[in-house]
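The values are calculated or read from the model by the stated rules, or taken from the named source; none is laboratory data. On a predicted model such as this, the values are computed, not experimentally measured, just so you know. Here the Cβ positions follow ideal geometry from the backbone for every residue, glycine too, while neighbour counts run over all protein chains shown. Side chains are part of the model used for accessible areas, which takes the heavy atoms of the whole protein and leaves out ligands, DNA and RNA. Shrake-Rupley method; radii C 1.70, N 1.55, O 1.52, S 1.80 Å.
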Amino acid sequence: MIKFQDLTIRKKLTLILMGTSTFAVLLACFAFYYLTINYYQQFYRNELTSLAKVVGFNSQAALAFAIPEDAEKVLASLGNHPSIISARITDNTGELFARYGDSDSASVSPEEVMVIYQDIMVDGSVIGQVSLTDDLRNIHAFKKMAMITLFIIVVVVLALSFLLAAKLRELISQPIAELAALSQQVSGSQDYTLRAARRSADEIGNLAEAFNGMLGKIEERNKDLIKSEYRFRSLVNQAVDAFFLYDVDGCLVDVNEQACDLLGYSREELLNLTVADIDLEVDNQRYIEKFWDHLRPETPITLEGVHRRKDGETFPVELRVGVLELDDQKFVMSLARDITDRLQAIEDKQQMEAQLQQAQKMESIGTLAGGIAHDFNNILTAVLGYTELALMKVEPGSGIAEDLKSVHAAGHRARELVAQILTFSRRQAHEKQPLQISLVVKEAMKLLRSSIPTTIEIRQDIASEGMILADPIQIHQLVMNLCTNAYHAMLETGGLMAVALREVTIDQGGVRGIDLPAGRYLKFEVSDTGCGMNEETRAKIFEPYFTTKEKGKGTGLGLAVVHGIVKSHHGRISVYSEPDQGTTFCVYLPMTSGEEDNGTSPVEIVEARGGNERVMVVDDEQSIRLLTEKLLVGAGYQVDLFNNGKEAWEAFSQEPEAWDLIITDQTMPGLTGAGLTEKVISQRPDFPVILCTGYSEMISAEIAQQIGVASFLQKPLSKNELLSNVRRVLDERTRKG
């Protein structure tokens, strides 16, 4: 709907004049009509009243002498008044004395007739009454004539108003329309030499003259501006940064070629846009506070934002923004530079630094793990060794024997734990063997139950005792990582963690979404009722260093390690998750046949064959020296103890033929086991040396073999391992000799 303010001046003048005239005429006609009709009605009533008085006066004698015929003659004179439809004369008792006209006029509605009553008096006494009934035809005729007259007046006035409006349009709107047309022509052609014609000396004429003066001044300034703009345009177009000039409302006023190239618009397209169309941060409250609230003339600021190209692509920019005043009008001038490459370089650097820090952290953990492994293996050597000695001294099957066997089994589990620590720190090779994975899962769940809050329920469904070819340490790590990941997802809210292990047969085509060769698999499944993940997060969970946890609460390596373990075992892993619907991980590992070997079978003490040779035992741990002495002496050997390599070498160098075998630890102060071995072999190349270590980065089985070690043993050692290796090494020396 077109609003009044949007109409042209011509239409406004016509509507205002016609409306005003119509309203004024109608108001005057209504007032005139109302007053005239009231006056005529009152005049008409007075005429009828006078007529009634005349009839009453002429009927006095007839009524006084009771002559109805005379009264009716008087009433018959009313025939000269066609509008009087009936008349009645009654005596003072109300009885009808004489009448005239229609006898049914009494039934006519009072609104349709006018009734006049007049008393008949003689000597001041009322002797009767005259009533006249008029049908108002004269009043109706007068009203009709008045309406026609007023209508003619209104039509004439409106016609005159229209003519007057047309004249006013010619005098007022026509010059203004010419000025408007000239303005559009000047604006379109930028030709400031044009001038408006002055038709009168009134305000319209003054307006035309003022307009012409303005055009003259603009023409002069335009010439100077063209020269200045040429210089400015040359400088701006040669700039390497995108240039934007816009007013305080955000409408773009000018841009350079670099801006067009950067955003993909033509110059004309950009000048029809606003800053909000290209800068995504314009409506951001923090951006506004940082930008507009600090923008001052001659104090440009630098900040970062996000721009959007014509194709919808966004990219980060660095903005140099300042206020520019031109002809007392403020503009904002902005230089924008694409910093995508810079930010990517910073991000890559930060990522590399983070990876370096993580690598250093892992290296530190590995170093710590090695130190723990060395000391702990020495302790376990004593625990396992003395436990075996104690088992040999008690009655088989007794309560003490069973308790000692439990200690021995716990020692073996601790031995596996040390191996797991070394595996985690990448310091021990992975050896695959037939493994009953259900035992690993149950052992891991026992360990987890003590550390998981009671608000999280654990439900197990271990329905298979199938075997896989795997490294038990890695499988244990896989189970721990998946379960830890599940309970972290429910740490705040609690919930249910379900762990299942079952056998499945995969046909040709694999499982939906997973490429698996046909065959039998163990399916290990861990599900939780936690917060879940969206599609974007699911796509990244197996990437190294990706984590959704807060800083300091996760390394982002857990699921990456799991994925690597599954892949190295020729398996597959899948994940299903929805936000607020929990997560389910499914691991498929190919089954194999093989005998179970989990390291937790009952302890069987078998007597190894002994001897009578003389053995040198070198170890800086007193408990291990004494344990080794007891084991060897109990088997018939002669034993000499030394607490470091330096003392042992001094003794050996003086009597190299006094001993048949050296059993030495690797890590000792002064002289290591490997160093002692090299010195001994340099003097007696065929002399057997057994090198033992809790853990050392400096020695391995391969290195030990290269320097001439007869046997390389990893602590902790059982009695049978020690005695069997001693006997084997001595027998080999005898055969070679």
*Neighbours by Cβ (under 8 Å, 6+ apart or cross-chain): first from region 258-280, in contact (Cβ under 8 Å) with a residue 60 or more places away in the chain; second open to solvent by less than 40 Å² (accessible area, probe 1.4 Å) and aliphatic (A, V, I, L, M)*: ALA259/ALA242; ALA259/LEU270; ALA259/ALA336; LEU262/ALA242; LEU262/ALA336
*asked:* Go through region 710-724 and report how many residues are open to solvent by 30 Å² or more (accessible area, probe 1.4 Å) and assigned to a helix (DSSP H, G or I).
replied: 3
_Selection within region 630-640 - open to solvent by 60 Å² or more (accessible area, probe 1.4 Å) and either under 17 Å from CYS692 (Cα atoms) or in a helix (DSSP H, G or I) (or both)_ = LYS630, VAL633, GLY634
*Quick one: what pairs do we get from region 711-737, first residue closer than 20 Å to VAL383 by Cα, second open to solvent by 40 Å² or more (accessible area, probe 1.4 Å) and basic (Lys, Arg), C-beta under 6 Å, 6+ apart or different chains?*
PRO716/ARG415
*Within region 519-535, track down each residue that is open to solvent by less than 40 Å² (accessible area, probe 1.4 Å) and more than 14 Å from TYR576 (Cβ to Cβ).*
GLY519, TYR521, LEU522, PHE524
*Are there any pairs, at least 6 apart or on different chains, whose C-beta atoms fall under 7 Å, with the first in region 235-254 and touching a residue at least 40 places away in the same chain (Cβ under 8 Å) and on the phi < 0 side of the Ramachandran plot and the second in a strand (DSSP E or B) and among the charged types (D, E, K, R), and if so, which?*
ASP241/ARG337; LEU245/ASP254; VAL248/LYS330; VAL253/ASP247
*Mind listing just one residue for me: the one in region 122-141 that is farther than 22 Å from GLY79 by Cβ and either in contact with a Ser or Thr (Cβ under 7 Å, 6 or more places away or on another chain) or in contact (Cβ under 8 Å) with a residue 24 or more places away in the chain (or both) and, of those, most open to solvent (accessible area, probe 1.4 Å)?*
VAL126
_Yes/no for ILE703 being in a strand (DSSP E or B) and out of contact with any helix residue (DSSP H, G or I) (no Cβ under 6 Å at 6 or more places or on another chain)_ = no
*Do you know which of the residues in region 303-335 that are surrounded by 13 or more Cβ atoms within 10 Å (Cβ to Cβ) and among the acidic types (Asp, Glu) is modelled with the highest pLDDT?*
GLU318
*Tally time: how many residues in region 184-221 are touching a residue at least 12 places away in the same chain (Cβ under 8 Å), under 55 Å from the mean Cα position of the chain (by Cα) and not in a loop (DSSP other than H, G, I, E, B)?*
4
*For ASP247, state whether it is open to solvent by less than 60 Å² (accessible area, probe 1.4 Å) and touching a strand residue (DSSP E or B) at 6+ places or on another chain (Cβ under 6 Å).*
yes
*Return a yes/no flag: does region 473-491 have any residue that is surrounded by 18 or more Cβ atoms within 10 Å (Cβ to Cβ), in contact with a Leu (Cβ under 9 Å, 6 or more places away or on another chain), in contact (Cβ under 8 Å) with a residue 24 or more places away in the chain and more than 22 Å from LYS567 (Cβ to Cβ).*
yes
*Can you name every residue in region 41-65 that is open to solvent by 70 Å² or more (accessible area, probe 1.4 Å) and of a type in the set (A, V, I, L, M)?*
VAL54
*Among the numbered criteria (1) crowded, with 22+ Cβ neighbours inside 10 Å; (2) farther than 25 Å from ASN612 by Cβ; (3) touching a residue at least 60 places away in the same chain (Cβ under 8 Å), which single criterion is violated by GLY645?*
(3)
*Might you check whether a residue that is modelled with pLDDT under 90, farther than 23 Å from ILE379 by Cβ and surrounded by 15 or more Cβ atoms within 10 Å (Cβ to Cβ) occurs anywhere in region 680-697?*
no
*Considering each of LEU435, LEU448, LEU501 in turn, give the residue that is surrounded by 15 or more Cβ atoms within 10 Å (Cβ to Cβ), at pLDDT below 90 and part of a strand (DSSP E or B).*
LEU435
*State all residues of region 698-708 that are open to solvent by less than 20 Å² (accessible area, probe 1.4 Å) and at pLDDT 85 or above; if no residue qualifies, say none.*
ALA704
*Determine which single condition TYR521 fails, assuming it passes every other condition in (1) under 22 Å from LEU448 (Cα atoms); (2) modelled with pLDDT of 90 or more.*
(1)
*asked:* For the structure I just gave you, tell me whether VAL54 is farther than 15 Å from THR133 by Cβ, assigned to a helix (DSSP H, G or I) and either under 60 Å from the mean Cα position of the chain (by Cα) or at pLDDT below 90 (or both).
replied: no
*Qualifying positions in region 615-629 - touching a helix residue (DSSP H, G or I) at 6+ places or on another chain (Cβ under 8 Å), closer than 15 Å to PRO669 by Cα and surrounded by fewer than 24 Cβ atoms within 10 Å (Cβ to Cβ)*: GLU621
